[in-house]
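Just below is one structure, and these are the notes that go with it.
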Amino acid sequence: MYFNKPDRLMTYPTTRVCAIIDERNSASQALDALIKSGTKEEDIEILYGREGIDLLDPKENSHGFFAKIAQKFQSFGDIGKTLMRIYEAALRRGGYVFVVPSYNENDKDLIRRSLDIGKAREINYFSTWFVESM
């Protein structure tokens, strides 16, 4: 599991599920469920606090995790900026942003169910060409 690791979060989150979990206990429950479902602990990335906000790059200096999303989706409108603002706001309120790899539909389903245990919201799957709201 990685908390606020910039070297792991500087590219577009292709084949990743991103979600917000608002409370620490719920985040812990989701993390436990993810690991029990077969997700490798070292593959789970979690953003939290001021460092997490800095990694999102809310000022759009073109080097943060979600700045990459905003750049990638410029031709699709404001989806990148909208997602960035949603995730940033959650971090400002003390929430956690989970980023979990998902390579097939079965992975997505297991991840979704695990995140549901933690009362996750704003769950999105990022493919190469689109974002799927889960």
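Can you say whether residue 89 is more than 15 Å from the chain's Cα centre (by Cα) and at pLDDT 75 or above, as far as the supplied structure shows? No: the conditions fail for residue 89. With respect to the stated conditions, residue 96 fails to be of a type in the set (Ser, Thr, Tyr) and at pLDDT below 85.
Matching residues to (1) surrounded by fewer than 21 Cβ atoms within 10 Å (Cβ to Cβ); (2) closer than 15 Å to residue 36 by Cβ; (3) among the hydroxyl-bearing types (Ser, Thr, Tyr):
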residue	(1), (2), (3)
90	no, no, no
93	yes, no, no
103	yes, no, yes
108	yes, no, no
111	no, yes, no
117	yes, yes, no
125	no, no, yes
130	yes, no, no
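Residue pairs whose Cβ atoms lie under 6 Å apart, separated by 6 or more positions or on different chains, with the first residue in the range 87-106 and under 11 Å from residue 47 (Cα atoms) and the second of a type outside the set (Ser, Thr, Tyr) and surrounded by fewer than 16 Cβ atoms within 10 Å (Cβ to Cβ), are 95/22.
The values are calculated or read from the model by the stated rules, or taken from the named source; none is laboratory data. In this text, all values refer to a predicted model and were calculated from it rather than measured experimentally. So basically every Cβ, Gly included, is an ideal-geometry build from the backbone, and we count neighbours across all protein chains shown.
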